[in-house]
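Visitor: I have a structure I would like to understand better, so I am pasting it below and will then ask my questions one at a time.
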Amino acid sequence: MRALVRPEAEGRSMRSAADFDDWVSTLTAVELAEPFTFVVDSAGVLRLAPRRSEHVICAGGGPVLGAGEMSFRTEGGRWTVGEVSNQSTGYCPDVSSWAAVARALDAAGIDHPAGFTHEVLFRRCPACDQLNIVRDEHFVCVFCDEELPQEWNVDRP
């Protein structure tokens, strides 16, 4: 993925409400109807890109504090996040990344829910090293049937 990173493909940085307003004013109703790829870069800045963008490219190939997908709507004349998830197979962020996402949204002047509206639990299997998505609290590797840890461990060797 990092080989595909080009400055023009990186997500648009949202450091303030003015940044978000400028960006959203360039979008069509069709574009706004779909969720967007997002990352919170290592500086805590929200970056947005079209939904089918890769998270690693959106982040410019760098580390992130959070990643996933989010949609927007207007409510009472203000922009708000309609739905937000940590669904990113490029980074597999823990649900605890919400704090960084909330801070970045606050900085960009965007109202948001109290947490992810759809949480994805990622775990790395200690036996076979494969990435897993935990469903229905079933902490068992789909590849080798070994138990998965309760704690997030994706970035650990």
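The values are calculated or read from the model by the stated rules, or taken from the named source; none is laboratory data. Everything quoted here is computed from the prediction, not taken from an experiment. Heads up, the Cβs are rebuilt from the backbone with ideal geometry, glycines too, and the neighbour counts pull from every protein chain shown. Surface accessibility is based on the protein's heavy atoms, side chains included, excluding ligands, DNA and RNA. Shrake-Rupley method; radii C 1.70, N 1.55, O 1.52, S 1.80 Å.
Visitor: Where residues in segment 99-126 are open to solvent by 40 Å² or more (accessible area, probe 1.4 Å) and part of a loop (DSSP other than H, G, I, E, B), which of them is nearest to residue 73 (Cα to Cα)?
Guide: Across segment 99-126, the extreme among qualifying residues is 112.
Visitor: Which numbered condition in (1) surrounded by 15 or more Cβ atoms within 10 Å (Cβ to Cβ); (2) of a type outside the set (A, V, I, L, M, F, W, C); (3) over 28 Å from residue 132 (Cβ atoms) is the only one that residue 16 fails?
Guide: Here residue 16 clears every test but (1).
Visitor: Name the residue that is farthest from residue 62 (Cα to Cα), counting only residues in segment 80-93 that are in contact (Cβ under 8 Å) with a residue 40 or more places away in the chain and open to solvent by 60 Å² or more (accessible area, probe 1.4 Å).
Guide: Checking each candidate, the answer is 83.
Visitor: Of the conditions (1) at pLDDT below 95; (2) under 19 Å from residue 11 (Cα atoms); (3) out of contact with any Leu (no Cβ under 6 Å at 6 or more places or on another chain), residue 46 satisfies every one except a single condition; which number is it?
Guide: Going through (1) at pLDDT below 95; (2) under 19 Å from residue 11 (Cα atoms); (3) out of contact with any Leu (no Cβ under 6 Å at 6 or more places or on another chain) one by one, residue 46 breaks only (1).
Visitor: Still on this structure: Confirm whether residue 32 is among the aliphatic types (A, V, I, L, M), at negative phi, free of Cβ contacts under 8 Å to residues at least 24 places away in the same chain and open to solvent by less than 60 Å² (accessible area, probe 1.4 Å).
Guide: For residue 32, the condition - among the aliphatic types (A, V, I, L, M), at negative phi, free of Cβ contacts under 8 Å to residues at least 24 places away in the same chain and open to solvent by less than 60 Å² (accessible area, probe 1.4 Å) - is not met.
Visitor: Shifting gears a bit: On the given criteria, is residue 96 under 30 Å from residue 150 (Cβ atoms), open to solvent by 40 Å² or more (accessible area, probe 1.4 Å) and either small (Gly, Ala, Ser) or in a helix (DSSP H, G or I) (or both)?
Guide: Answer is yes for this residue.
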